[in-house]
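Taking it in order: structure first as structure tokens, then the write-up.
Read-outs: derived from the displayed coordinates by stated rules, not from any lab. Remember, predicted model here, so these are calculated numbers, not experimental data. Cβ: placed from backbone, ideal geometry, glycine included. Neighbour counts: every protein chain shown.
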């Protein structure tokens, strides 16, 4: 039986760990040729070595010249880019009255402009091919806001705006654009939170637990695959019902 992403060329940013790494693993299982793109050279190599056929690409989503170099390299070697997963993101949390301009700017640069940079540099190749799937990482914070996350919330709201705008602009060209809004997922970042906060989050989920990176990878897989061929411009909440 043909795999769902058979022979697709997929770039996944922030893929050295967490949801990005789980997504890279899942995509490879479904036949994709995975491009592991991340900032830390050693982490990129370690991640790619764990996934059969994966390629390691050192990439900073705030560095347009560096992104262009990676995109050009992939195009030379493979001739196309079928899937772009804009997963890279950071947090710099603080209440509004305590947040520094540097904290605000850093998160905007990575989480919002980084998505713009990667998509703008990849899309011309998808347009030439007349097909493609783009999935952007938003968050439930991008739907409802969150205490102490002025900067992060703004970027994740913004990513939804990108998604809906690009779905209008690119849909007729054969390129689907969607977003995933994860809830609280058991990544290293979340598991480092105080135990009482984690317990409160679990109580707020109607499933009574945190999500797993592998569960989010399955959501990305659906939206990137032909199974979602009529899905365009959605911001799909995958949060265990935490917003209910």
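Could you give the angle, 0 to 90 degrees to the nearest 10, between helix 114-129's Cα long axis and the longest principal axis of the Cα atoms of the chain? Value to nearest ten degrees: 30. The simple spin-label model puts a point 7 Å past each Cα toward its Cβ; for residue 188 and residue 64 those points are separated by 3.1 nm.
Once the convex hull of the alpha carbons of the range 64-122 is built, what does its volume come to per residue, in cubic angstrom?
Details: hull volume 4.5 nm³, N = 59.
Spelled out: Cα convex hull of the range 64-122, divided by residues, is 76 Å³.
Considering all C-alpha pairs of the range 92-151, those separated by over 20 Å amount to 41%.
Could you put 57, 125 in order, starting from the residue whose Cβ has the fewest other Cβ atoms within 10 Å? It would help to have the intermediate numbers written out before the result.
Working: 57 22, 125 19.
Neighbour counts put them in this order, fewest first: 125, 57.
Adding -39500 (n - 2.57) for every DSSP H run of four residues or longer, then dividing by how many residues the chain holds, sets the calculated 222 nm ellipticity at -13500 deg cm²/dmol.
Across the range 190-243 the C-alpha pair distances fall into 5 Å bins from zero in the proportions 4, 17, 21, 20, 15, 11, 7, 3, 1 percent.
Whole-percent P(r), the range 7-51, all Cα pairs, 5 Å bins from 0: 5, 29, 37, 21, 7, 1. What is the angle, in °, between the Cα long axis of helix 150-170 and the longest principal axis of the Cα atoms in the chain? Nearest 10 is fine, range 0 to 90. Helix 150-170 and the main axis of the chain meet at about 30 degrees. Annotation for residue 214 and residue 129: the two label points, set 7 Å from Cα along the Cα-Cβ direction, are 2.9 nm apart.
What the Cα atoms of the chain give is an Rg and a Dmax of 17.1, 56 Å. For the chain, averaging the sequence separation of C-alpha pairs within contact (under 8 Å, six or more residues apart) and dividing by the residue count gives a relative contact order of 19 percent. Extension gain for residue 6-residue 146 works out to 46.5 nm (0.36 nm per residue, less the C-alpha to C-alpha distance). The range 41-95 gives an Rg/Rh value of 1.03, both radii derived from C-alpha positions and Rh following Kirkwood. Note on the range 110-213: percent of Cα-Cα distances in each 10 Å bin, starting at 0 and stopping at the bin with the largest distance, equals 14, 38, 28, 16, 4, 0.
Please compute the Kirkwood hydrodynamic radius of the range 1-139 from all pairs of different C-alpha atoms, in Å with one decimal. Walk me through the numbers before you get to the answer.
Working: mean 1/r = 0.0651 Å⁻¹.
Its Kirkwood hydrodynamic radius stands at 15.4 Å.
For the chain, the longest principal axis of the Cα atoms and the long axis of helix 18-29 meet at an angle of about 30 degrees.
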